[in-house]
Amino acid sequence: MNDKKTVYGSIDEYIAAFPPDVRDILQTLRRVIQESAPEAKEKISYRMPTFELHGNLVHFAAFKHHIGFYPAPDGVEEFREEIKAYQTSKGTLQFPYDQPLPVELIRRIVAFRAERNIERAENKKKKMKQQKDKPTTL
């Protein structure tokens, strides 16, 4: 559906490039992500709509027969039992157009990813502070 060479400047531009039925699904997905991680910032990365919160949170993209949702490998692994109905790979879920978007599942995945990213950022900050506070020896 989407010309692989097209570069989008915003998520609005990306969504506008699709037919109305796909746009509706993309807007719903975007809204669910925004509600689940309100601190996350929007951007285009890898030519896909992306939300970032202390690093990439999730990506999504429209394809011919499905929406690709990319919550990173830990987002897929954590929900392995709940996502059995969907085509998956290491960090990808596919939501077919002929099935309802699993809004509550997406909410939980995004919340999990946000919590993980915040935790990692806090740990990194603590580690950097510890290194800074360590006395140096000559």
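Rule-based calculations on the coordinates, nothing more; no lab input. Nothing here was measured: the structure is a model prediction, and the numbers come from that model. Cβ coordinates were reconstructed from backbone atoms using ideal geometry, including for glycine residues, and neighbour counts include every protein chain displayed.
Brief remarks on what is shown
- Cross-link partners of Lys127 among lysines, defined as those whose alpha carbon lies under 27 angstrom from its own and excluding same-chain residues fewer than eight positions apart: Lys41.
- Under the shape rule built on the C-alpha gyration tensor, where the axes satisfy a ≥ b ≥ c, the stretch 51-90 is oblate, since a/c reaches at least 1.5 while a/b does not exceed b/c.
- For q = 0.09, 0.21, 0.22 Å⁻¹, Debye-computed log10 I/I(0) when each Cα of the chain counts as one equal scatterer: -0.31, -1.31, -1.41
- Under 24 Å from Lys64, Cα to Cα: lysines that are on another chain or at least 8 residues apart: Lys4, Lys5, Lys43, Lys84, Lys90
- A full extension of the chain between Lys124 and Gln34 corresponds to an added length of 29.9 nm, given 0.36 nm per residue minus the alpha carbon distance.
- Computed FRET value (nearest 0.05) for Glu104 with Glu81, which takes r as the C-beta separation and R₀ as 22 Å: 0.90
- Mean separation of Cα contacts under 8 Å (6+ apart) over length of the stretch 11-133, as relative contact order %: 22
- Fewest-first ordering of Phe69, Phe112, Phe60 by other beta carbons within 10 Å of each residue's beta carbon gives Phe112, Phe60, Phe69.
- The phi torsions of the stretch 85-97, fed into the Karplus equation with coefficients 6.51, -1.76 and 1.60 and a -60° offset, translate into couplings of 6, 10, 5, 9, 9, 3, x, 10, 10, 10, 10, x, 5 Hz, rounded to whole numbers, with Gly and Pro shown as x.
- Each label was represented as a point 7 Å from its Cα along the Cα-to-Cβ direction; for Glu52 and Arg23 these points are 2.8 nm apart.
- Rounded to the nearest Hz, the phi-derived 3J(HN,Hα) couplings of the stretch 70-84 under the Karplus curve 6.51 cos²θ - 1.76 cosθ + 1.60 (θ = phi - 60°) are 10, x, 6, x, 5, x, 6, 4, 4, 10, 3, 5, 6, 9, 4, where x marks glycine and proline.
- Amide H contacts for His66 (H built 1.01 Å from N in the peptide plane; partners 5 or more residues away or on another chain; cut-off under 5 Å): Tyr97.
- Amide H partners (placed H, <5 Å) of Val58, local residues excluded: Phe51
- Residue by residue, the stretch 44-57 carries 3J(HN,Hα) couplings of 9, 9, 6, 6, 10, x, 9, 10, 10, 8, 6, x, 4, 9 Hz when phi is fed to the Karplus relation 6.51 cos²θ - 1.76 cosθ + 1.60 (θ = phi - 60°); x denotes Gly or Pro.
- Straightening the chain between His65 and Glu115 buys 14.9 nm, computed as 0.36 nm per residue apart minus the Cα-Cα spacing.
- Set of aspartates and glutamates near Lys125 by C-alpha distance (under 20 Å), chain-local residues within fewer than 8 positions excluded: Glu39, Glu52, Glu115, Asp133
- Expected 222 nm ellipticity per residue - DSSP helices of 4 or more, -39500 (n - 2.57), all of the chain, to 500: -14500 deg cm²/dmol
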